[in-house]
1. For the stretch 179-192, in order, what is each residue's ³J(HN,Hα) by Karplus, 6.51 cos²θ - 1.76 cosθ + 1.60 with θ = phi - 60°, in whole Hz (x at glycine and Pro)?
2. Can you sort Trp175, Trp189, Trp318 by 1.4 Å-probe accessible area, starting with the largest?
3. At a threshold of 8 angstrom on Cα-Cα distance, excluding pairs fewer than six apart, so keeping six or more, what relative contact order does the stretch 2-353 reach in percent?
4. Read phi for every residue in the stretch 18-30 and hand back ³J(HN,Hα) as whole Hz from Karplus 6.51 cos²θ - 1.76 cosθ + 1.60, θ = phi - 60°, with x for Gly and Pro.
5. Please work out the Kirkwood hydrodynamic radius for the stretch 2-353, using every pair of different C-alpha atoms, and report it in angstroms with one decimal place.
6. Among Leu148, Pro296, Trp175, whose Cα lies farthest out toward the positive end of the dipole of the chain, if unit charges sit on the beta carbon of Lys, Arg (+1) and Asp, Glu (-1)?
7. If amide hydrogens are placed 1.01 Å from N in the peptide plane, which non-local residues have theirs closer than 5 Å to the one on Gly270?
8. Between Leu117 and Leu20, what is the spin-label point distance in nm, taking each point 7 Å from the Cα along the Cα→C-beta axis?
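The values are calculated or read from the model by the stated rules, or taken from the named source; none is laboratory data. No experiment lies behind these values; they were computed from the predicted model shown. For neighbour counting, all protein chains shown are included, and Cβ atoms are generated from backbone atoms with ideal geometry for every residue, glycine included. Please note that ligands, DNA and RNA were not included when accessible areas were found on the heavy atoms of the full protein model with its side chains. Shrake-Rupley method; radii C 1.70, N 1.55, O 1.52, S 1.80 Å.
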Amino acid sequence: MQKYTLNAALAALCLGLVLLAQFNVIDQYTQTVLMFMGINIIFASSLNIVNGYMGEFSCGHAGFMCVGAYVSSVLSVVLFTSNKLVGDALLPPELAPMLFPVVLIVAGLVSSVFGLLVALPSFRTRGDYLAIITIAANYIVISVIENLDIIGGPRGFHGMKRVINGMRDMVDIPWMFIWVILGTLFSVWLLRRLVNSTYGKGISAVCQDEVAAEIMSVDTNHVKLVAFMVSSGLAGVAGALYAHVYGYVNPQAFNILKSTEGLVMVYLGGMASLSGSVMAAILFTLLLESLRFVIPGLDAALHAVNLLPAGYELSQVWKWVLIPLILILLMQFRPEGIMGNRELSGVFPKLRRFYTFK
């Protein structure tokens with residue numbers, strides 16, 4: 001009964017957010033920040049399956065996000081709008097609200113296939129070697145897309161806003177806000193089910209001792225395959241939502257810096273902690289947004305006291321210095337992250353009456 005009460009409260013919260021967005025109580029900027037929180041939650045939680053629960057070291061997770069972003073973008077534009085690729089829309093634009101979840105699923109499935117290509121080398125490699133393979137996969141994806149002029153190449157791809165605007169012409173509601181909320185809830189639910197399943201126990205066994213897991217009849221290769229494909233598939237869904245929130249996608253948006261963001265969120269929240277990934281994604285998104293205002297203010301303050309040379313300006317590029325710095329500081333002073341390997345139910349035992357992660 002208490003579990004259903006929690007689910008009802010969560011549903012009421014999400015419905016309340018949608019209503020506030022619909023009636024413009026929440027402005028567009030706040031909606032965008034909330035949507036990126038949801039996308040980061042999916043991104044960080046999916047990476048935590050490989051880096052946290054399975055104990056591998058993937059450093060190119062943004063590559064799967066890139067695959068999902070481009071697959072969903074091309075698919076939605078080709079299906080629901082007139083475009084340079086095939087001309088007229090293949091389907092009536094009125095079907096976009098009903099078929100958009102299918103676009104997200106296809107993006108996730110294609111990203112899972114690319115995850116399979118990375119999972120196969122993991123059968124024989126671990127640690128630093130796997131990190132090198134995933135970084136290489138990240139740059140392979142970017143390089144391939146940059147050389148495909150049919151989808152814009154290095155200039156990027158656009159047209160997704162027309163799909164979303166077409167949805168709003170049919171029913172004037174905040175469609176992307178709704179899709180991000182549903183995608184986030186589904187992803188967290190799916191990962192929670194996975195880590196509590198037999199496969200989830202197998203993933204944890206591989207992390208603890210792969211040889212011992214094999215002796216105890218765990219098919220470690222199959223477990224790795226499932227973990228990588230689920231992780232990369234959800235990263236693809238995050239990429240699909242990211243592309244449609246922006247309305248434009250560029251391959252360089254998913255370079256090593258984006259992968260580093262994922263690593264920061266995973267290690268900030270705690271390895272093998274799903275609730276830690278959720279908390280870290282929220283905090284990290286707020287940090288990035290605060291830097292938009294803090295950096296210009298700091299620049300003005302330093303110039304006022306003549307601590308910066310004339311003509312030099314602190315720009316938003318500095319956040320790409322601060323983000324890797326946060327990762328270094330975490331590894332030095334708090335390697336276990338905020339939650340360690342615990343969930344909220346472990347920190348607050350009374351929450352176990354409502355849900356259990358472990």
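1. With coefficients 6.51, -1.76 and 1.60, one gets 5, 5, 4, 5, x, 5, 4, 5, 5, 5, 4, 5, 5, 5 Hz.
2. Trp189, Trp318, Trp175
3. Relative contact order here is 29 percent.
4. For the stretch 18-30, the Karplus curve yields 5, 5, 5, 5, 4, 9, 6, 5, 9, 6, 4, 5, 5 Hz.
5. So the Kirkwood estimate lands at 21.3 Å.
6. Projecting each Cα onto the dipole axis, the largest value belongs to Trp175.
7. Under 5 Å from the amide H of Gly270 lie the amide H atoms of Ile338, Met339, each far enough along the sequence or on another chain.
8. So the label points at Leu117 and Leu20 sit 4.2 nm apart.
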